[in-house]
Every structure is written in structure tokens, then in C-alpha cells.
Amino acid sequence: MGFKSVTVASKPFDGQKPGTSGLRKATKIFMQDHYTENFVQCTLSAMGEKLKGSTLVVGGDGRYYGKEASEKIIKMCAANGVSKVIIGQDGILSTPAVSCLIRKHHTDGGIILTASHNPGGPNADFGIKFNIANGGPAPAAVTDHIYDLTQKVNQYHTVPDMKVDISTNGTQQFTVDDKPFTVEVTDSVQDYMDYMKEIFDFGAIKGLLSGSDGQPKLKVLINALSGVVGPYVKRILCQELGMDEASAVNCVPLPDFGGGHPDPNLTYAADLVNELKKGNHDFGAAFDGDGDRNMILGKNGFFVSPCDSLAVIAAHLECIPYFKKTGIRGYARSMPTSGAVDRVAKKKGKEMFEVPTGWKFFGNLMDAGRLSLCGEESFGTGSDHIREKDGLWAVLAWLSILACKKISVEEILKEHWKTYGRNVFTRYDYENVESEPANQMMTNFDKMVASSSLTGKEFKHGDKSFKLSKMDNFEYTDPIDGSISKKQGIRIIFEDGSRIIFRLSGTGSAGATIRMYIDSYESDPDKQLLDSQVMLRPLIEIALEISQLRELTGRQQPTVIT
């Protein structure tokens, strides 16, 4: 069987620069003639000398076009000299599971087909992401190289007549130009589940879910939002840990995620929130499309902010056997994430890192042995067990804490706030904003930073007053490789430690998303239980005043509030 080189028009690629989270676009763009093949060829070519004889993992979240893209990638891997491809059955693998497989089998990297928490279907989003040999997202040097190649690609290599069955587990052998090529179709859950058994005390969690030591069983409701985590929930939580099958909903991965938006937040996972508010369940969780994000709820819909979730796990790592073996090396958070975990790190005497948004920064610290636990305010939590955030891992961590503490989710949070104080936090997302006014807002911010015109100014709303002490566009110097990341988000910091942060992102297929973050510390126990939106209203209004967001964009309300 020989490969075929397909020659296409010069520069057929549209030139959008892929970020470390990969390239995301409308599905129909990837379905255009040669589009997917061109990007995959550039991704493979970027591996350089490592490509020949390499082993790669391939899998995705089950969204529309995933299976077709998987088959194209396998044929191209064969033509480009890859020795072996490990692929999840039917092309299904969660993003954490891909990282797990890369690390377990010491492969040379992996290709993930996902657009994370973006909607799926023929008219929604699709994405291709490359992870390197440590299991984490490709760093900027790699994605920049891929981009450079997309500017001059005019040919890709494939084996058009290769017939591969990715629906049946097992090994398939081929010969391509007298060289062996192997496709291993693997159980999508097994390797990941085996690893979770090494990390957590499954016996303790099983006792929690079934009731033991005189404690009633924990009533749980898990919503996979028709994303990739569904099979993992069924196998691990239900079959292995004894959770009732009826407690697992929307656990069949669907090409369009059932028409929903697989983003685990209070807006897009409203069905779960409403069910928990009825008081019939003690614990609830939801996941995004590819399985790296999670949302945690307690009884009566008690919401655990992602920042608090990270801090609580950080404070109770001794409840997880894995950390008893490895020790706790340090903590980290993305810059927009609240300072709640910082207080845990300080009390425990551990290193604390504030990094730009993007999991690759955590990976550098993990590989250097300086980081055990990290998280982002966008519902992403993870540890050094892999090099991706891991939604199901976070849920198992919470169940471990509940089994250890034997109190409710709400009681755990109240106890935590009593010990460390509360960082009251909210995030406002303004989605699909026109790019011009969004960019104008960020340009205005840069002018404010350059002139220092607001430093020392006092802002008032109602009976609250805040004096601005610092305003910058966050810059990060990586302590491991010395790389510098500039303009990572506008920080407005007040004398009392309160922060307003603005970031602009454009990972969807249309428009930009303005993200506004508000973080304020509250040490008074009498105020810690107040509603976060009420407590933060003065800072929210001040943020909108400084940014002129409403005036520039015409948006009076955010799309999503976290």
C-alpha cells in the first residue's frame, strides 16, 4: 500500500493563527476541500525529525465531523511515516484521557478533536488541537511553527485506499511503502479509569455513594451535557463506585451535544442547577464537551465558584492518597482566578504561582517538579497527574473530601471561609461582541496603563469607596524557561486588594468575548454568607464605568454570569 501526495493551490489555508488551545472554527470550514488535511499536514510536519517512526494518540469529544476527521488523520499519519496511532473507540477520548494515554504509553504527542465547551453540530464549532509528549497543550513555539507552515503548505500526504475500522477495539496492521503501520483502537475509558484507581481511594468514595459507617448514602446528580464524559461517568461512577444509574443524565455523547451548549456554568447547565434547588440531591456536577471543565453544586443548588473549588481542594489534599505519596510541591492559578488559593498556599508554606490563562504554563511548572495543584476560574481544575485540566478528577477529588470530612458541601465552604476568609468572585462574559468596539475598549485600557492617569484615583458607588493603586497589562516571566508573555489581561488593583480584570478572547466561530472578572476579599464572618452579586455590585459598576463597556458595545447585560 502506497501513499499519495495531494497537491493543492498555493496557500489554501486561511492563515488564522492557532493558539495553544488549538485551532477552532465553524465545522463547515473544516469540511471544505483540503482544509482539514492542510492543517493536519502542517501539524505533523511541525514535528520535524520526530515524526518518522513516532506514536501518536488521536481522539475527540464526539462532536460532529469527529469520526470523519479521525479517519483522515490516520491515513495521513500512515503516509507521513508515523509508526503507530492509538485511537479511542469510535474516535472518542476525553481531553484528560488523551493526556493520560500520551504519558502512560510514552507517545510522541496526540491530536485532539474538540472545541472544548463550544457548541457542536454542522453549524457550530470544530477544532483540532496538538498535545506534545508531556501530555500537555503545544507551547507557543510549536503553534507558531504550525502557523508558519500553514502560510506555505501546498501539498499533503495520505493513503486514500486505507480502510480502518475504529469502531472495534483491537490492533490493525498495515504496510505502507514497505514499512509497518499500526492502528490500535483502545477502550476509551479503561486506561483513564485504571489511573484514577491509583490516585483516589475508591473504597471510601464507594462507601460515600452507597452509605456506610452509619452515614446515609450521598444523593448525587451528574450531568455530562451530552459530551464525552458520559461514558466515563457510567463506567467509573456508576459501575465501579456504585452510583445509581438514574443519577447520571445526558451521558450519551451526541454530535451536537443535544442542541445544548456544553459549558458547565449556571447558565448553560441550568437544568442541573434547577434540580439541585429542589433539595433532593446532596451533590451535583456538570462537565463540558471534552471533559476538562467541571461545575460543583451542593444541596439546594449551593454554588461552588471555580475559585473556591480550587482552594477547597488545595486545603484538603491529604484526603487524596496520590498526594500522600507525592507530597505537595506547590499551587498555581491563572491570573484572573481569585486569590482564594493563595491564602491556602501561604498557610501551608507552599510556593504559589500566578500565570497567564493557558494550561501550558502550569505544565512547565509541573515538569520542573514545582507544582501539584492548579486551576482556572473558567471551571478548570487539575493536578500534576496529567498535563490537562480534568473535570472528572475534580469531581472525584470533591467526593474524596466529602468522604473524609463527612459534612455537606455548604458546610465545607463555610468552614473554609471561617479559616481563610472569603474571596468573593464573579465573572461576566459578553459573548459575540463586535470586534471593533471590543478592541477599542482594550486600546483605551492600554492608554490608561501607559499614562498612569487613574493611579491614586478614588472610585465610589453607594457607600463603598475604592482607591486605585495599580493598573497594568499583566506580564509573566516563566520561572522555568525564561519566556516572557506580555499583555495577558488588564488588571485594575485597589488598595484593599480588590481586583477588576478584563480580557478579550475569540475562541468561538463569530465575534469576540469580553470577560470581566471581579475579586474582593471579605474577612468579616457576618458578611461572608451574603450573595456574591450583592457584595460585588459596587465594584461591578465601577468596572463598567472605567471600561465604558456598555457605551462602546451597546451591551447592557452579560451573556453569562459565573
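Structure summary
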quantity	calculated
Set of lysines with alpha-carbon distance to Lys278 below 23 Å, sequence-local pairs under 8 removed	Lys217, Lys219, Lys299, Lys406, Lys414
Separation in nanometres of the label points that stand 7 Å from Cα toward Cβ, at Asp33 and Lys447	4.8
Which of Trp393, Trp359, Trp417 has the fewest Cβ neighbours within 10 Å, and the rest in rising order	Trp417, Trp359, Trp393
Computed over the chain: relative contact order in percent, which uses C-alpha pairs under 8 Å that are six or more apart	13
Only Lys, Arg (+1) and Asp, Glu (-1) charged, at Cβ; segment 180-259 dipole about Cα centre in debye	320
Cα→Cβ-extended label distance, 7 Å offset, between Lys464 and Thr559, nm	2.6
Relative contact order (%) - segment 201-312, alpha-carbon pairs under 8 angstrom, separation at least six	26
Label-point gap, in nm, between Glu415 and Asp161 - each point 7 angstrom along Cα→Cβ	6.7
From the C-alpha gyration tensor of segment 64-128, square roots of 5λ in Å	21, 15, 9
Over segment 419-562, relative contact order from alpha-carbon pairs under 8 Å, at least 6 apart, %	37
Anchor Lys50: aspartates and glutamates whose Cα lies under 14 Å away (excluding residues fewer than 8 positions away in-chain)	Asp108
Rounded FRET efficiency, nearest 0.05, which uses the C-beta distance separating Thr326 from Val534 and R0 of 41 Å	0.50
Charge dipole (debye, nearest 20) of segment 4-187; +1 at Cβ of Lys and Arg, -1 at Cβ of Asp and Glu	280
Dipole magnitude of the chain, debye to nearest 20 (Cβ charges: Lys/Arg +1, Asp/Glu -1, about Cα centre)	700
Fewest-first ranking of Cys42, Cys307, using other Cβ atoms within 10 Å as the exposure measure	Cys42, Cys307
Exposure proxy ranking, count of Cβ atoms within 10 Å, fewest first, for Ser469, Ser99	Ser469, Ser99
Exceeding the 28 Å Cα-Cα cut-off - candidates Lys348/Lys405; Lys324/Lys470; Lys25/Lys197; Lys325/Lys486	Lys324/Lys470; Lys25/Lys197; Lys325/Lys486
Reachable lysines, given that their alpha-carbon falls under 22 Å from the alpha-carbon of Lys28 and they are not under 8 places away in the same chain	Lys11, Lys17, Lys67, Lys72, Lys75, Lys129
Quotient of C-alpha Rg and 2.2 N^0.38 Å, computed over segment 422-561	1.09
Computed [θ] at 222 nm, helices only, for the chain once each DSSP H run of length n ≥ 4 contributes -39500 (n - 2.57)	-9500 deg cm²/dmol
FRET efficiency for Lys219 and Glu434, using Cβ-Cβ distance with R0 set to 41 Å, rounded to 0.05	0.35
Per the chain, cysteines lacking a partner by the 4.7 Å Cβ criterion	Cys42, Cys77, Cys100, Cys238, Cys251, Cys307, Cys374
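Where a number appears in this text, it was derived from the coordinates with a stated rule and is not lab data. If you're wondering where the values come from, they're calculated on a predicted model, not measured in any experiment. Positions of Cβ are backbone-derived with ideal geometry, glycine not excepted, and every protein chain shown enters the neighbour counts.
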